[in-house]
Amino acid sequence: MEPLQLALIAWITEYLSVSLGMGYGTIMVPLLVFLGHSLLESVAAILLTQFAGSLAAVAFHRWAGNASFSRGTLELRAGLLMGLAGALASIAAVRIALGVDERILQIYVGVVVSATGIFTLLARARSLDGGEPSAGSLLVVAAVASLNKGLTGTGYGPIVTGGQMALGIDPRRAVATTSFAEILVCGAAGLYYASSGVFDPALVLPLLAGSLLAAPLAAATVRRGGSRLKPVVGVTILILGLALLYAAV
C-alpha cells in the first residue's frame, strides 16, 4: 500500500481513537497484517505512532475543554496512575511477545480484537453519584489493558475508556484520560520494541503523519459529542478480529 494511503487510513482510525477513546490499534494491527506486514512490526509501528498521536491528542483535548489535566484533577491522577502502571505491564508484555510463536500470537490477537468489538458494542456508562473510582479499580483496568497493548498493539482504548465509564467517569474525561495514559504505555512498549530491533521506518512514518493530523478534529468532536460512531467502530473491530482468527487457523 502507498504511504499516502497508509497515512489516510491512520488519520481515520486515529480520529476514531481520539474521539471515542478506541479504534486505532484495534483496527490498524489486523489491517496491517492483512496487507502483508509482520505482526510484530505492525504492533511496534502502532505503539510508536500512537505515542506521538496521544501527545497531540492530550494537547487538543485540553484546548477543546474536554479535560484540563491541572494539578489535583481526576483526569491527571487517573492518567498518571494508569499510565505508569500500564507502562510496566506493557514492557513485560513485549518481553513475552518477542519470545512467542507469531501464529499463536496472531490467534491471541484475533481473540482479543473480537472480544473488544463485543465489549465496545455492549459497554454502558453509569453515574459516579458524586464519588470517584478507587485506585485499585483503575489499576486493574490499566493492567489488563496494558498487557494486551504490549502483546498485540490492540484493546487498550476500549478496555480503559469503557472501564472508566463503567466506573462512572464522564465520557469526555474518560476519552481524554485514555489518551494521557497511552502516552506512557505506548511510549514504553514502543521504544522497547524499537530497541529490540523491531522497527520499520517505511511503515512508521506515514502512520505517524496520519496520527498527528487527526488530533484537532477528533478533540473537537469529543467536545460536541461523537458517541454515535461507537456501534460502527464496534462492528468493524469485531469483523476484523474474526477475520484475523480465520486467517490464523
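Just wondering, is there one or more residues in region 63-75 that are among the aromatic types (F, W, Y), more than 14 Å from V175 (Cβ to Cβ) and modelled with pLDDT under 95? Yes, region 63-75 has at least one match. Residue under question is L55, and the condition is that it be at pLDDT 95 or above, in a helix (DSSP H, G or I) and more than 14 Å from the chain's Cα centre (by Cα); does it hold? No, not satisfied. V109 fulfils the conditions (1) under 21 Å from A176 (Cα atoms); (2) crowded, with 16+ Cβ neighbours inside 10 Å except for a single criterion, (1).
Residues that are free of Cβ contacts under 8 Å to residues at least 24 places away in the same chain and part of a helix (DSSP H, G or I) occur in region 112-131; there is at least one.
Please verify whether region 44-52 includes one or more residues that are part of a helix (DSSP H, G or I) and touching a Pro at 6+ places or on another chain (Cβ under 8 Å). Checked against the condition, which is being part of a helix (DSSP H, G or I) and touching a Pro at 6+ places or on another chain (Cβ under 8 Å), region 44-52 yields no hits at all. Close Cβ contacts (under 9 Å, 6 or more residues apart or on different chains) running from residues in region 235-249 that are over 13 Å from I107 (Cβ atoms) to residues that are surrounded by fewer than 18 Cβ atoms within 10 Å (Cβ to Cβ) and modelled with pLDDT under 80 comprise V235/L121; I237/L121; L238/L121.
The values are calculated or read from the model by the stated rules, or taken from the named source; none is laboratory data. Everything numeric here is computed off the predicted structure, so don't read it as measured data. Please note: Cβ atoms are built from the backbone with ideal geometry, for glycine as well, and neighbour counts cover all protein chains shown.
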